[in-house]
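This report concerns only the one structure given below.
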Amino acid sequence: MKIIIASDHAGFNFKKMIGTHLEGKGIEVTDAGPDNDNSCDYPEYAFKVARSVAEGRYDRGVLICGTGLGMSYAANRVKGVRAALCQTETQARLSRAHNDANVLVLAERIMGPVLALAIVDVWLETGFDGGRHQRRIDLIDQL
């Protein structure tokens, strides 16, 4: 599995932690920035990850900012991206099983690191159920 990950300044610490965690699991990770925790504009990084996933260059993406909201708004503007802001393991599981989320969004200012890693693991381990859920994704794409 190939993952692309990015953050803004408020998600920088989680980005580094999650990247290391994923690499430790043998997952290929590309860090799309930023390189430090200086103030930066989240849309630039959200679009970079979202486009890379939508174009099929990566299997999935992970975005982190302070609240997760800005990254979610920006990433979901890219056709073919289903970015899910998850703050619980249940949301992570259902975002994959029911919505085939291909970008996970996390909020560094809202959750702790242990929960963030648990959410990442559940999200990566959960498959898409298909069936009636695929019909709904198709409707989103049509509309």
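Summary table below
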{"read-out": "Number of the condition not met by Ala84 [criteria: (1) under 20 Å from Gln142 (Cα atoms); (2) of a type in the set (Gly, Ala, Ser); (3) out of contact with any helix residue (DSSP H, G or I) (no Cβ under 6 Å at 6 or more places or on another chain)]", "value": "(3)"}
{"read-out": "Selection count, the range 1-16, where residues are within 19 Å of Ala107 (Cβ to Cβ) and surrounded by fewer than 19 Cβ atoms within 10 Å (Cβ to Cβ)", "value": "3"}
{"read-out": "Looking only at the range 107-143, and only at residues there that are within 17 Å of Leu22 (Cβ to Cβ), assigned to a helix (DSSP H, G or I) and among the β-branched types (Val, Ile, Thr), the one that is nearest to the chain's Cα centre (by Cα)", "value": "Val120"}
{"read-out": "Odd one out for Ile110, checked against (1) touching a Gly at 6+ places or on another chain (Cβ under 8 Å); (2) open to solvent by less than 20 Å² (accessible area, probe 1.4 Å)", "value": "(2)"}
{"read-out": "Flag if Leu117 is out of contact with any helix residue (DSSP H, G or I) (no Cβ under 9 Å at 6 or more places or on another chain), buried (at least 16 other Cβ atoms within 10 Å of the Cβ) and not basic (Lys, Arg)", "value": "no"}
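The values are calculated or read from the model by the stated rules, or taken from the named source; none is laboratory data. None of the values given here were measured: they were computed from a predicted structure. For neighbour counting, all protein chains shown are included, and Cβ atoms are generated from backbone atoms with ideal geometry for every residue, glycine included. Accessible surface is based on the protein model in full, side chains and every heavy atom, while ligands, DNA and RNA are left aside. Shrake-Rupley method; radii C 1.70, N 1.55, O 1.52, S 1.80 Å.
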